Amino acid sequence: MNSAPRPLCTGQDPWYLMSRRECLNRLALGLGGAALAELLGSRVHAAPGGAGRVAGQPDIPHFAPKAKRIIYLFQSGGPSQLDLFDYKPVLNQRHGEQLPDAVRGGQRLTGMSGNQSSIPIAGSPFKFQQHGQSGAWLSELLPHTAKVADELCVIRSMQTESINHGPGVTFMQTGSQIPGRPSFGSWLDYGLGSENANLPAFVVLITKDKKGQPLMSHLWGTGFLPAKHQGVRFRSGGDPVLYLGNPAGVSPENRRLALDRLRELHEHQFAGTPDAEISARIANYEMAFKMQTSVPDVTDLKDEPAHVVDSYGPDARTPGSFAANCLLARRMAERGVRFIQLYHQDWDHHSGLPGGIKRECQQTDQPTAALIADLKQRGMLDDTLVVWGGEFGRTNYCQGPMTAGNFGRDHHPRCFTVWMAGGGAKAGLTYGETDEYGYNITRNPVHIHDLQATIMHLFGIDHERLTYKFQGRRYRLTDVHGHVVKDLIG
C-alpha cells in the first residue's frame with residue numbers, strides 16, 4: 001500500500017499541499033521579516049548613558065577618526081574675506097583706482113556689476129592685526145574670534161565654480177550645484193550612524209528673523225539616500241520640531257499604542273514588499289516618539305550656568321538667535337548629535353557693506369568664539385570639528401556707486417576664506433595665499449570638493465569609498481573630484 005505524499009510546505013492542515021508559487025512566496029516573506037529585524041534591531045547598540053547608538057555602514061570608519069561630530073556655522077550670502085581674514089593693504093593704497101585688466105584676467109562678472117563702466121578698487125575700512133602665537137591676520141570686526149586665533153585652521157585659498165547663491169550654497173552643502181543630491185549631513189549619517197538613538201543624527205538650526213537668500217530644504221535633504229538620514233530642522237519658540245507633540249486629548253500611552261499598531265502594519269507591508277522607504281518610515285515614527293522627551297531636554301537651558309550663557313553674548317537668551325543656536329549646538333554635541341548645521345543669513349553685501357558686515361559680526365563673533373572656548377574647556381574640541389564659512393567670497397572692487405563711507409562688493413568665486421577648528425584640524429595654521437589684490441590664488445588652492453574630502457577624512461572616511469548606487473551609477477559627496485589636503489590635518 002502506497003503512503004500519502006509528504007508536503008514540501010504545509011499550512012494548518014498537515015496534509016494540505018501548497019503550490020510552488022505559494023511556497024516560494026512564504027519563504028520570501030520570511031526572508032523579508034529577517035531583513036526588517038536586521039534593519040530595526042541588530043543595528044542598535046548600547047552606548048554610554050544608555051541612550052544607544054545606531055550603526056552606519058559595516059565597513060566605516062575606514063580608519064581611525066579624529067572627529068566624532070561637526071558643528072557647521074554656515075554664513076549664507078558670502079562674507080567678505082577682504083574685510084575679515086585676507087589682509088590686503090594694496091587695496092587701501094590703490095583705493096578708487098581701476099582694477100587692472102591683468103589682475104581680472106577676463107573673469108566673467110555677474111549681471112550686477114558686469115555692465116558697470118567702472119570697476120574701482122575698494123580697500124577695507126577696517127583695521128587688521130595679527131593675533132596669537134600663530135600670527136593670524138584678523139579684522140577689528142572679530143575681536144572675540146581673535147582670542148581663539150590659535151585654535152583656527154584658516155584656509156584663505158578656497159575656490160568654487162559657482163558665482164550665484166543658489167548653486168553656490170547647494171555646492172557647499174551637497175557637492176553639486178544642482179539640487180537633488182544628498183546633503184553633507186545625510187552622507188555622514190548614512191556612513192557613520194548616530195551616537196544617540198533618541199535624537200536625530202543631523203539637526204538644522206537657522207537664525208530667526210534674518211533676510212537674505214532663501215534657504216531651501218534640499219540643503220539638508222537626503223536626495224536619493226534613505227529618508228531616515230534627512231536633516232531635522234529645529235525652530236525657535238513653540239514646538240522646536242513641527243508636529244512632534246501629541247494632539248489635545250492624546251496621552252503618551254495612547255500614542256505608543258497607536259504607533260505599535262502602525263508599526264505592525266508597516267512590518268506587514270515590508271514583508272510583502274521589502275522597500276527601504278518602509279523601514280525608513282518606521283524608523284522616523286519611532287524617532288519622533290523618542291524626541292517627545294529628548295527634544296525638550298536638549299532645548300531647555302535652565303540647567304546651564306549663567307556665566308556660560310553670558311559667554312555666548314547678549315542674544316544667547318533669545319531663542320532662535322545665532323548665539324542661542326551656538327549654545328544649543330554645544331548641548332546637542334554633548335548628547336551625540338553627529339552633524340549640527342547652523343545657517344546665518346544676510347552676508348550678501350552688494351551695497352552698504354561697512355554697516356552690514358559690522359552688524360553680522362556683532363551677531364556672530366562672540367557666540368562663535370564662545371562655542372570654541374566652551375567646547376575646549378569641556379574637553380570636546382579635540383573630537384568636535386567646527387567649520388565657519390559661506391558659499392563664495394566678495395570682489396576687491398566696488399559694485400555700484402562708491403562714496404567716502406559706503407560701498408558694496410559683488411560675488412567672487414575665485415578665492416574666499418573658510419576656517420576650521422578642533423576635530424583634528426591643524427590649529428594655528430593659515431593655509432593658502434592670494435595675490436596682493438586678493439583676486440586670484442597664488443599658492444595652495446583648495447576646491448570645495450577638497451574641503452569635503454578632508455572633512456570626511458577627519459571622520460575616518462575615505463571619500464572615494466563612501467558611495468551609494470542610484471540609477472546605475474555609484475555617487476559620492478565629492479562626485480568625481482577632490483583630494484584630501486593633508487596639510488590641514490593636525
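Bear in mind these aren't lab numbers, they're just calculated from the coordinates by the rules spelled out. All values derive from a computational prediction rather than experimental measurement. We place every Cβ from the backbone using ideal geometry, glycine too, and count neighbours over all the protein chains shown.
Dipole orientation for segment 41-488: of the candidates TYR431, TYR312, GLY185, GLY185 has the Cα lying most toward the positive pole (charges on Cβ; Lys, Arg +1; Asp, Glu -1).
Report the gain in length on full extension from PHE63 to VAL250: 0.36 nm times residue separation, minus Cα-Cα distance, nm rounded to one decimal. Spell out each step's value before the answer.
Numbers: separation 187, 0.36 × 187 = 67.32 nm, distance 4.72 nm.
Computed gain between PHE63 and VAL250 is 62.6 nm.
A Cβ-based charge dipole, computed about the Cα centre of the chain with Lys and Arg at +1 and Asp and Glu at -1, lands at about 720 debye.
Could you tell me which of the pairs LYS376/LYS426; LYS426/LYS486; LYS66/LYS469; LYS127/LYS210 are separated by over 21 angstrom between their Cα atoms in the structure shown? Write down the numbers at each step before the final one.
Details: LYS376/LYS426 15 Å; LYS426/LYS486 10 Å; LYS66/LYS469 27 Å; LYS127/LYS210 27 Å.
Table pairs above 21 Å Cα-Cα are LYS66/LYS469; LYS127/LYS210.
Given a Förster distance of 60 angstrom, what is the FRET efficiency for ASP209 paired with ALA102, based on the Cβ-Cβ distance and rounded to 0.05?
Numbers: r = 44 Å, r/R0 = 0.74.
Efficiency for this residue pair is about 0.85.
Think of the chain as having a plus end and a minus end, set by charges on the Cβ of Lys, Arg, Asp and Glu; of ALA122, GLY212, SER162, SER162 sits farthest toward the positive end of this dipole. Taking the three principal axes of the alpha carbon atoms in the chain, the coordinate ranges are 111, 51, 40 Å, sorted in descending order. The helix-only estimate of mean residue ellipticity at 222 nm for the chain, built from DSSP H runs of length n ≥ 4 each weighted as -39500 (n - 2.57), is -9500 deg cm²/dmol after division by the residue total. On the basis of the beta-carbon distance and an R0 of 22 Å, GLN377 and ASP297 show a calculated FRET efficiency of 0.50.
Spin-label model, HIS307 to MET112: label points 7 Å out along the Cα-to-beta-carbon direction sit 4.4 nm apart.
Classify segment 352-490 as rounded, prolate or oblate, taking a ≥ b ≥ c as the square roots of the eigenvalues of its Cα gyration tensor: rounded when a/c is under 1.5, otherwise prolate if a/b is larger than b/c and oblate if not. Note, shape of segment 352-490 comes out oblate.
For ARG474 and LEU262, what does the FRET efficiency come to when R0 = 41 Å and r is the distance between their Cβ atoms, rounded to the nearest 0.05? Provide the component values of the computation, followed by the final result.
Numbers: r = 34 Å, r/R0 = 0.83.
So, using R0 = 41 Å, E works out to roughly 0.75.
Using the alpha-carbon atoms, what tilt in degrees (0 to 90, nearest 10) does helix 353-377 show relative to the longest principal axis of the chain? Result, in degrees: 50. DSSP finds beta bridges in segment 41-488, and of those with both partners inside it, around 50 percent are antiparallel.
Working from Cα positions, state the angle (0 to 90°, nearest 10) between the long axis of helix 448-458 and the longest principal axis of the chain. Roughly 60 degrees between the two axes.
In the structure displayed, which of LYS68/LYS88; LYS147/LYS228; LYS147/LYS208; LYS208/LYS302 lie more than 29 Å apart, Cα to Cα?
Violating the 29 Å Cα-Cα cut-off are LYS68/LYS88; LYS147/LYS228.
When peptides 193-202, 116-125, 177-186 are ranked by their average number of other Cβ atoms within 10 Å per residue, the highest-first order is 193-202, 177-186, 116-125. Projecting the Cα positions of CYS415, ALA276, PHE339 onto the charge dipole of the chain (unit charges on Cβ atoms of Lys, Arg, Asp and Glu, taken about the Cα centre) puts ALA276 furthest along the positive direction.
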